[in-house]
Structure formats: structure tokens, C-alpha cells
Amino acid sequence: MIDNQWYAAAFSHEIKKGKVTGVRRFGRNLVFFRSGSGSLACVDSLCAHRKASLEKGWIQDDHIKCPFHGIEYDMTGRCVYVPSDGRASTLDYERFHLKTYPVREIGEIVFVWYGDKEPDKEPDYFDIITDPSYTYDHVSDLWNVDYSRVIENQLDVSHLPFVHHNTIGRGGKTLCSGPKVEWLDDHTLRTSANNETDIGQTPKPAEECVIKDTNLTFKFPNMWLNHVTDKIMILAYFIPVDDEHAIISLRFYNKITGNRIIDKVIAWFGSRANIIVERQDKRIVETQIPKKTGLQIGENLAAADLPIIEYRSKRRALQAQNGGGKLGKKADIQSDSLRATHNLSDVGSQLSSESGRNPYARGTYTAADQLSPEPGRNAENPKAMYNLSYGLFVCTTVKGGKANGCIINTAIQAASVPNTITVAVNKANYTCDIIKETRLCNISVLSTDASFALFTRFGFQSGRDTDKFEGFSASSYEIAENGIPYITEGTNAYFSLKVRQEVDLGSHVLFVCEPVFMTVLSDKPSCTYAYYQSSIKPKSKTRSDGTAAGEKTVWRCEVCGYEWVGEMLPDDFICPICKHPKEDFVKI
């Protein structure tokens, strides 16, 4: 579930005046009831007194009465009368109040607000449900899967010639070009099938495909429209019942003749056809395991699954933004996604400082160090850069079947809607070249149990002349769904990213990315530069003249503290940790 959303949840004609209508929605038992004027209310079904179901109750004076002890609740769920205390009671019954769910009725569809906060927007819907020029017929069916499975089935373009070989998938068009997906707004995607008969040709990429006149549009969280022609459209809304059950409600809309009576008859026959097609889907989808979908559930997706991947990615982002909305007591992987984002963007809060200063500054400076040479004026002080906090990450890529990776210090959540992660990689790194070419990478968030050997492997050598994964224990990494390794040793989260945009920053390229998957790997705190310097990096033994005992001159990066041993730094030297140039090193 996605919290704080309007869900199309019921058909208005199912809820009659003077009657209580019990339903199961969002993994909860609810009741709908109407006032004498027809206004609609929705509340939790269990009476606050002894937990009897109000579904067996009745309506009196616009109140719903519990069948067990006659306790009454108004349209807002407020307890207004406890018969055993008498009409003259002045007691405060706030503890008896029921949870109420805001509702809207639009086009004879009941929208229910699911979430912890009050509605801050109105339902988003397709205009056809309020267009009087169309007539429709309505049917519903219960499926034994989570509603997300039903939605994905409607976005699946490659199943048509198999599941619907004798109905809408006739013709044996098994080759799927694209498919193309376009976002009409932040909550609405459109796609269409570009299927062809397979005669040995190669599928066309999505950018060479078009959105056809017959297309599918999906509005989050649970409404879908099949535009067949301008005069025939099929609407569906996918009602969340619980983790293992959903209701698909289908409407066949048309204005073929303009005569409402004839068009109503056409709609009736259209609904019968909808039932045939829907039952073909149901027979297969109910066999899918697990019953609820997610970005990483053991499936191996193909290019034709792009609409499903887009749906899953956006759903994940909305869940992270609005809350996971778990059904029942089952753990939802979406919570790991949110925690993973915290490991990425909140690295600055992983450690505390007893002195109250920035705990990630390279060193401690006196007031004289921080002040301008001229009292009262703000002269530029480059040491301010040291007070910026950094996390440490392994950025991994794949090119031509060969994996590569490097240590980076800039990976942040730059925006929540849409969920956006920016990654800065030095142009000198081979990893940067690969990302620019493939537009894909994984980010593994290093934790406080990372070893110095991990930094040595991915930070102190170049992928241009060495295989960084050669000799790396197979237990220290895994392969993500995008085919790129992510590090499991010494990390607490990882992100699979798809590059949307790149910005040339001079020494670095900033990649603006969309996360297609993210999850938590451990509860260890994220590693910062301060922690790397104090607890991971081996301490050098230096003499007063700046040379290491038995070694050569030692040079230290003033940004990150990395130390290089040698008589003279090369002119083109780049710090393997923070990617700063020779100018930021001092001889110690």
C-alpha cells in the first residue's frame, strides 16, 4: 500500500440508504453507511465497546447503531450515545470514537482516503467517469492475489498472445518491441504494445516505438484506462482487500451510436467480453508467487517488462515518500527501501559529537584558524570545506561483462518527488566512463565494519589496468537484477540506479539518477571520512622530519586524510579516496 492516497474502493450502487454495508479494504474490516440525504460515511467496523461488528447493526437518525448494546456513532465515527448510561449522560465518550475514513463519490465510484494524515488533495481520476456522453456497464471479480499483481497484469504486454491467444491476443504477435512508456505527470504513466509476429527480426528499442491510439494509462494508486478508440474505453480500478485478495472492477464505456439505450446494450455485451478476458488473466495470475509484487522478488524480468518496472519503481518511490502502509503483520520490503535512503542521505547523523561541532570535519581548528585576517570581515577561508560531511560508497558498474568499481564520497538523495539520487564521479576514474556509456550503476553504502582492504581494492588502483573483482571473495558481493555487482561486505545498504541526466562539473561528472531498487543490508552505521581516518585507515609512523620510519616522505590529503608515501607526488596525482588533486596534499 501507498499511504495518504485516494483509492477507488467501491461502487456507489453497492451502498444503499438505510443499510450498513460491510467490506474488507486495506487489510481492515470497514463499514459504509448513508445519511437520509444520501451522504456517505466510512468507519472501522468493530464497535469500540466490546468489538462486535457494526456490519450487523442498523441506521437510525443518521447514526449507525451497534447490534450488541445499541451504542450509536455519527457520520464522523464519534460516539454519541451509550444506552446503558442513559440519554441524560454527560460523560465524555472520546475513548469510544471510531477511526473514520474520508470518502468522495465521483462518477459513481467511491474513493476512500487511506493514510494517517488528513487529505491534502482531491482524488485524481479519468474524466470519462464524469462524461455524460458515455454509457457504461460495470462488473467486478475477486482475485486471490494482492492488488499490485492485478495492476501489473494489466501493464504486461508480452502475455497477450499466450494468455489471450483466442481473444485480444490473436495473431501470434510474440515479439515485443519497446515497449514505450511515457509519464503524463508524476502519478500517471501511459504505454502501448508494439508487438509483432516474430520472423527473425530484432525488437525495436523503446525510443523507436510510439504510443499507439490503442493504449493503456495508469493513475496511481489504483486506476487504469484502456483507450480502445475515442468511442470505446475500458476503465478498471483495483481494490486492495488484503495481502492475498483484491477486487478488479471493470467498466465498459462507449458512445458508439449516441443513443443511450442502444449504447447501454452495447456496454452490457462489452462487459461480458471483459469477464471472458479477465478470467483468462485470473487463471494464471493467481498462480504467481509471491502474491504481492516488489522490485526484487526472485523474478528475472525482460525488456518487455518495462511498464511493470516503471510501475514498481514509482510505487516504491511513493511508498518511501508517503509511508509503506503495511497490510496485516507481514513485513514489506518497502520499509527497507526507506531505511536504505536514510543510510544514503542521513550519513551526517550517524555519529555524534560531544563537543557539538561538526563530527566529520577533518580536524579541530582554533578560533584564529576560522577567522578572517581582518577582524569583522568575512574573508574566504578554504578550510570551510573541511566542515562539509561526506559518506563513503563503492560505485560499481559493468561493461562488456567485466565488473568495475571505485570509492566515491558524493551520493545523496537530492529530491523525494520523484525520488532522485545524485552521484558525483571523478572523470579520471574508469567507472565514470562506464556510467556515461551504460547509464547504469550500483551504489553500496560503506559501513563502520568496512575493512581497509576494501578501500585498497576499490580505491587505490585503477580499473583500466586491473580487474578489481579478481580474487574478491564471492561471499563479499552479489549480482543485482541489473546485472551489476553490489558489495555485501562492510556495507549497510545498496541502490541500483538508472541515469536520467549528467552534468559536467569540471573535475567530476554529476549523474542525476532514478533508483530502481534499494534495500538495507545491515544495521551498522554508515562510514564517514572521520570514522575512516580514526578507525579504519592504518596509522602511519612518522618522524619529526616528516619521513616514515624506514620509509620515504609521507604526503597527506588535507581533505580526507589519505596518506601517500614517496619522495614527490606526481603532477597528475589524484587522491584515490576523495579525488582531490596534488594541490590538496601536504608533506607531513
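Brief remarks on what is shown
- Residues in segment 246-259 that are surrounded by 14 or more Cβ atoms within 10 Å (Cβ to Cβ) and either free of Cβ contacts under 8 Å to residues at least 40 places away in the same chain or not polar (S, T, N, Q) (or both): 246, 247, 248, 250, 251, 252, 253, 255, 256.
- Residue match in segment 41-58 (condition: over 36 Å from the mean Cα position of the chain (by Cα), part of a strand (DSSP E or B) and either free of Cβ contacts under 8 Å to residues at least 24 places away in the same chain or over 30 Å from residue 144 (Cα atoms) (or both)): yes
- Residue within segment 491-505 that is surrounded by 15 or more Cβ atoms within 10 Å (Cβ to Cβ), at negative phi and more than 23 Å from the chain's Cα centre (by Cα) present: no
- Single residue of segment 117-144 satisfying the filter (assigned to a strand (DSSP E or B) and of a type in the set (D, E, K, R)) that is surrounded by the most Cβ atoms within 10 Å (Cβ to Cβ): 137
- Hey, residue 482 within 28 Å of the chain's Cα centre (by Cα), closer than 20 Å to residue 401 by Cα and surrounded by 21 or more Cβ atoms within 10 Å (Cβ to Cβ) or not: no
- Residue within segment 404-419 that is in contact with a helix residue (DSSP H, G or I) (Cβ under 7 Å, 6 or more places away or on another chain), surrounded by fewer than 18 Cβ atoms within 10 Å (Cβ to Cβ) and assigned to a loop (DSSP other than H, G, I, E, B) present: yes
- Those residues of segment 443-481 which are part of a helix (DSSP H, G or I) and within 26 Å of residue 534 (Cβ to Cβ), in sequence order: 452, 453, 454, 455, 456, 457, 458, 459, 476
- Flag for residue 77 being in a loop (DSSP other than H, G, I, E, B), more than 34 Å from the chain's Cα centre (by Cα) and not assigned by TED's automatic domain parsing to the domain that holds residue 141: no
- Condition met for residue 93 (more than 27 Å from the chain's Cα centre (by Cα), buried (at least 20 other Cβ atoms within 10 Å of the Cβ) and of a type outside the set (Gly, Ala, Ser)): no
The values are calculated or read from the model by the stated rules, or taken from the named source; none is laboratory data. Since this is a predicted model, take the numbers as computed values, not measurements. Reconstructed Cβ throughout: ideal geometry from the backbone, glycine too, with neighbour counts over all protein chains shown.
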